[in-house]
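Have a look at the structure below, then the notes.
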2 protein chains.
Amino acid sequence: MLSITEENYLKALFRLTCEEVGKTDAGTNEIAAQLEVKPATASDMLRKLKEKKLIEYEKYGKSTLTRKGKKMAMEIVRKHRLWETFLYEKLGFTWDEVHEVAEQLEHIQSPKLIDRLNAFLGNPKYDPHGDLIPRADGEFKLVEKKTLNDIAEGETGMVVGVSDNSSEFLQYVDGLGIAINRPLKVISRKPFDAILEIEVKGKRSSISTRLADHIFISREIKKSTKA
Amino acid sequence: MLSITEENYLKALFRLTCEEVGKTDAGTNEIAAQLEVKPATASDMLRKLKEKKLIEYEKYGKSTLTRKGKKMAMEIVRKHRLWETFLYEKLGFTWDEVHEVAEQLEHIQSPKLIDRLNAFLGNPKYDPHGDLIPRADGEFKLVEKKTLNDIAEGETGMVVGVSDNSSEFLQYVDGLGIAINRPLKVISRKPFDAILEIEVKGKRSSISTRLADHIFISREIKKSTKA
DNA sequence: TAGCAAAGTTAGACTAATCTAACAAAAGTT
DNA sequence: AACTTTTGTTAGATTAGTCTAACTTTGCTA
Ligand SMILES: [Mn+2]
Ligand SMILES: [Mn+2]
Ligand SMILES: [Mn+2]
Ligand SMILES: [Mn+2]
């Protein structure tokens, strides 16, 4: 069985390679940064994970997950997102509070627990941040996300997620009325100043394109028609 | 913040001193046995916990929890039992499955989580094994338990708990129809053979007095302890 | 009360995970 | 091609938690 630390390395590599569009491998420094450890520490661990056949890695080279490593990483991400959904749906946690606790809960070892939790939540497809929950059978579609910057003036989109999970960010956008599954209209754009005016729940605000880039809109899933 | 290991030592000491009637302290070997480590290991840790003012301990002496240590131990036990209740009530785990997973869940750090979980479960007083759940304010009444061996022939009692949480034991008594909050009648006793005949849900079985000693009947408040 | 067994401690070794400092390789720039 | 910067590795130290083996203290019992 893997240690919590080893699990965290697999998860980090998964996020960097399988969940970033147009990326297929990751360097040692990048992995170290993701985990907030020094490159020397990550270097050691990568050698160890290679020995366990969980990653492909050669000295001075980039790393990728093996099939086995990817399967384990996805299980951890699945647990993380199911727990986030539980905290949000059942215990009334807010958008920005769930992540930190899920970081701990994702390491609980019990296949039965996660099965039952999934059923209890009604087989959810997305977590409270709009991220796809990997399925138990290992099925996982990478969802290409459109951001608020892709919405034209006068158009309305549905908020489906964010790419910044920091408390500061989540609280700020919450203050603007922005939340999952809420319609958001782009009133006007000021390209010269890199700002756009939006309306959510009848309330107007101005946000920078930098911030807009972290807000995902719509999803290639049709929700009004049928499931 | 305490490590998981330190938390486990506090919990072990709590169980050995505050939850055993007529015991007020515990020896190093006893603590080591409870945690399944060698006495040498426990000896080291006891010194460390004394330094942190969580226990009273002198070389070659017995150990007890300080007020601070007891408060922390009770919080862990509270978390353990709330999680057991969650697994049993909400996720349909059986009596014998909850303990192992709760051993992991009890170490999750989030006061808000445990508050919300408690509310979600409707402020339960007892866990699925009939053990009292310590309250958030540190209130904890020690429940003196009467065993099946204290019930006379022809009398009926209510099953309120067990003192053996092993899977083997729980599955066996489950097979006899024995469960929490279920009436149980003692039909006859055979002291010569150390056996008694019982009836649960209309079904008769014979069990040894050795086994009967692990089944708690009725519930009487005897002594109360304050944090 | 002297001796021995049980209970408890200390010393030394090991593993996992981390760090800093020094070094090596790869990549980028003139 | 030579130099520089970035990236990555190795060596050595540190901390937490564990073990075994050897030692010490306590306390029972003959
Ligand atoms: Mn983690
Ligand atoms: Mn999420
Ligand atoms: Mn534990
Ligand atoms: Mn219990």
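The values are calculated or read from the model by the stated rules, or taken from the named source; none is laboratory data. Every value quoted in this text rests on a predicted model; they were computed, and no experiment measured them. Cβ coordinates were reconstructed from backbone atoms using ideal geometry, including for glycine residues, and neighbour counts include every protein chain displayed. Areas reflect the complete protein model, heavy atoms only, side chains present, ligands, DNA and RNA absent. Shrake-Rupley method; radii C 1.70, N 1.55, O 1.52, S 1.80 Å.
Placing a pseudo-label 7 Å from each Cα along the Cα-to-Cβ vector at B:Tyr172 and A:Ser206 gives an inter-label distance of 7.7 nm. Of the GluC sites (Glu not before Pro) found in the stretch B:139-213, those in coil by DSSP whose Cβ has at most 13 other Cβ atoms within 10 Å are B:Glu153, B:Glu155. Over the protein assembly as shown, the alpha carbon radius of gyration divided by the compact-protein estimate 2.2 N^0.38 Å works out to 1.22.
Cut-off 15 Å, label point 7 angstrom out along Cα-to-Cβ of A:Asp25: give me the residues of the stretch A:62-96 whose amide nitrogen falls inside. It comes to A:62-67, nothing else.
Shown for A:Lys68: label points 7 Å from Cα along the beta-carbon vector, and their distances to the equivalent points in the other copies, 4.6 nm in ascending order.
For the stretch B:1-74, dividing the convex hull volume of the Cα atoms by the residue count gives 79 Å³ per residue. Net charge dipole, the protein assembly as shown: roughly 260 debye, given to the nearest 20, about the Cα centre with Cβ charges of +1 for Lys and Arg and -1 for Asp and Glu.
Toward the positive end of the charge dipole of chain B, with +1 on the Cβ of Lys and Arg and -1 on the Cβ of Asp and Glu, the farthest Cα among B:Met72, B:Tyr9, B:Thr147 is that of B:Met72. Using alpha carbons only, the radius of gyration of the stretch B:146-223 set against its Kirkwood radius gives Rg/Rh = 0.94.
A point 7 Å from Cα along Cα→Cβ stands in for A:Ala33, and the other copies hold the same point at 5.5 nm, listed in rising order.
Given the pairs B:Lys90/B:Lys185; B:Lys23/B:Lys53; B:Lys11/B:Lys71; A:Lys201/B:Lys112; A:Lys11/A:Lys68; B:Lys146/B:Lys185, which span a C-alpha to C-alpha distance of over 18 angstrom in this model? From B:Lys90/B:Lys185; B:Lys23/B:Lys53; B:Lys11/B:Lys71; A:Lys201/B:Lys112; A:Lys11/A:Lys68; B:Lys146/B:Lys185, over 18 Å: B:Lys90/B:Lys185; B:Lys23/B:Lys53; A:Lys201/B:Lys112. Contact order for the stretch B:1-65, expressed relative to its length and based on alpha carbon pairs under 8 Å spaced 6+ residues apart, stands at 31 percent. The residues of the stretch A:109-130 listed by number as losing at least 40 Å² of accessible area in the complex, against the isolated chain and with a 1.4 Å probe, are A:Lys112, A:Leu113, A:Arg116, A:Phe120. An ellipsoid equivalent to chain A, defined through the eigenvalues of its Cα gyration tensor, has semi-axes of 33, 22, 16 Å when rounded to whole angstrom and sorted largest first. Take the solvent-accessible surface of the protein heavy atoms, probe 1.4 Å, and return the percent of it on the stretch A:4-69 that carbon and sulfur atoms account for. It is 49 percent, rounded to a whole number. Computed over protein heavy atoms with a 1.4 Å probe, the accessible surface of the protein assembly as shown works out to 53 Å² per residue.
Restricting the stretch B:120-174 to trypsin sites (Lys or Arg not before Pro) that sit in a DSSP loop and have at most 15 other Cβ atoms within 10 Å of their own Cβ leaves B:Lys125, B:Arg135. Taking all protein chains together and rolling a 1.4 Å probe, A:Arg78 ends up with roughly 20 Å² accessible.
With its label point defined 7 Å out from Cα along the Cα-to-Cβ axis, A:Met1 lies at 2.1 nm from the matching points of the other copies, in increasing order.
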